[in-house]
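These notes concern the structure reproduced below.
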């Protein structure tokens, strides 16, 4: 059996590491991922946390296993019956350093060789230090690390525990978000509610920075003058009549809104600690589940409750039908959310019934389950 060892601090493990491990796993029968312990180095995560993140991250690679080591890497490799050390290099500087380490390792006369893999171009800029710096500034890191690692960074660096809330129009998402806020406050947990619909309203109607004014001008140009108010803001009712009549128009609007919305999300997350509830009707459709690390509550309700709520909003039956047709059904949302979880090998999906008259007890049980899963199962009165 051909075995190799790949060593890293794993503080945290990231997609650059995982690419090297996957490529090595196609060459060697077994790849031992060695998480180093250096007493002189200050780690963000404990050894147990680094090992756990690595184990979860390499789970999709069947011939990779994880272990901790101290001391010389060549000694560890020898003891494990491994005669090849894998090194990933991103630059000429890395090449020089790894060549030096190889020569030092050879001096111990254990017969351990080095196998070099060059980083793929799109991963050359990925590093643990860059990821931690991005996290501090609320930058999006889901392209850099697996979601299980992002969830750990959210908690460790930002003190944030994120939970998504989604469902069909009129399902009761805001009601469930309000219930969850009440449950959190009664437990002494800081809680913040972030509605993507409210952020979109700010972009369309309130924010005065030049980029947001340009977004409104672009929307008016794309959908016609009827969607623009005399003061330059967007008439959401008129815009809704257009985009909810044609999926292609809705996709067009979402493309225009994507960048400004992502900026506003980062702005809103900055400085907030505790439980963050992210409410969005199109969480699944817009591929935004990374915001909450695939941890999502799907709100459901019976048709009678849904129709009553939509009538209260002043929507005609025809408008209700058009809006429902441009969104996923409850079943489609569930399938898309579960597929995201399967692909990422991380996340959980819960369901809460918010029909008229539904008791709050089951919702509170889901809330407690979700807290445990995202790592915020705190005794009453304790804050993160």
> Do we have any residue at all in the stretch 318-338 that's at pLDDT 95 or above and in contact with a helix residue (DSSP H, G or I) (Cβ under 9 Å, 6 or more places away or on another chain)?
Replying inline: yes
>> Quick check on the stretch 206-221: of everything there that is closer than 15 Å to residue 253 by Cα and in contact with a helix residue (DSSP H, G or I) (Cβ under 8 Å, 6 or more places away or on another chain), which residue is surrounded by the fewest Cβ atoms within 10 Å (Cβ to Cβ)?
In response: 218
> If the Cβ limit is 7 Å and pairs must be 6+ apart or interchain, which residue in the stretch 354-369 that is assigned by TED's automatic domain parsing to the domain that holds residue 302 and surrounded by 18 or more Cβ atoms within 10 Å (Cβ to Cβ) pairs with which residue that is at pLDDT 90 or above and part of a helix (DSSP H, G or I)?
Replying inline: 354/175; 354/176; 363/176; 363/179; 367/180; 367/183
> Taking the stated definitions as given, is residue 31 assigned to a strand (DSSP E or B) and touching a residue at least 40 places away in the same chain (Cβ under 8 Å)?
Replying inline: yes
>> Looking only at residues that are assigned by TED's automatic domain parsing to the domain that holds residue 302 and at pLDDT below 95 in the stretch 135-171, which one is nearest to the chain's Cα centre (by Cα)?
In response: 168
>> From the list 72, 101, exactly one residue is at pLDDT below 85, surrounded by fewer than 18 Cβ atoms within 10 Å (Cβ to Cβ), assigned by TED's automatic domain parsing to the domain that holds residue 8 and more than 24 Å from residue 146 (Cβ to Cβ). Which is it?
In response: 101
>> Going through 204, 194, 153 one at a time, which residue ends up being closer than 30 Å to residue 11 by Cα and touching a strand residue (DSSP E or B) at 6+ places or on another chain (Cβ under 9 Å)?
In response: 194
>> Quick test of your reading of the structure: residue 216 fulfils all but one of (1) in contact with a strand residue (DSSP E or B) (Cβ under 7 Å, 6 or more places away or on another chain); (2) within 27 Å of residue 164 (Cβ to Cβ). Name the failing condition by number.
In response: (2)
> Here are some conditions: (1) surrounded by 19 or more Cβ atoms within 10 Å (Cβ to Cβ); (2) within 17 Å of residue 265 (Cβ to Cβ); (3) in contact (Cβ under 8 Å) with a residue 60 or more places away in the chain. Residue 141 meets all but one. Which one does it not meet?
Replying inline: (3)
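The values are calculated or read from the model by the stated rules, or taken from the named source; none is laboratory data. These numbers come from a predicted model, not from an experiment. Cβ sites come from the backbone with ideal geometry, for glycine too, and all protein chains shown count toward neighbours.
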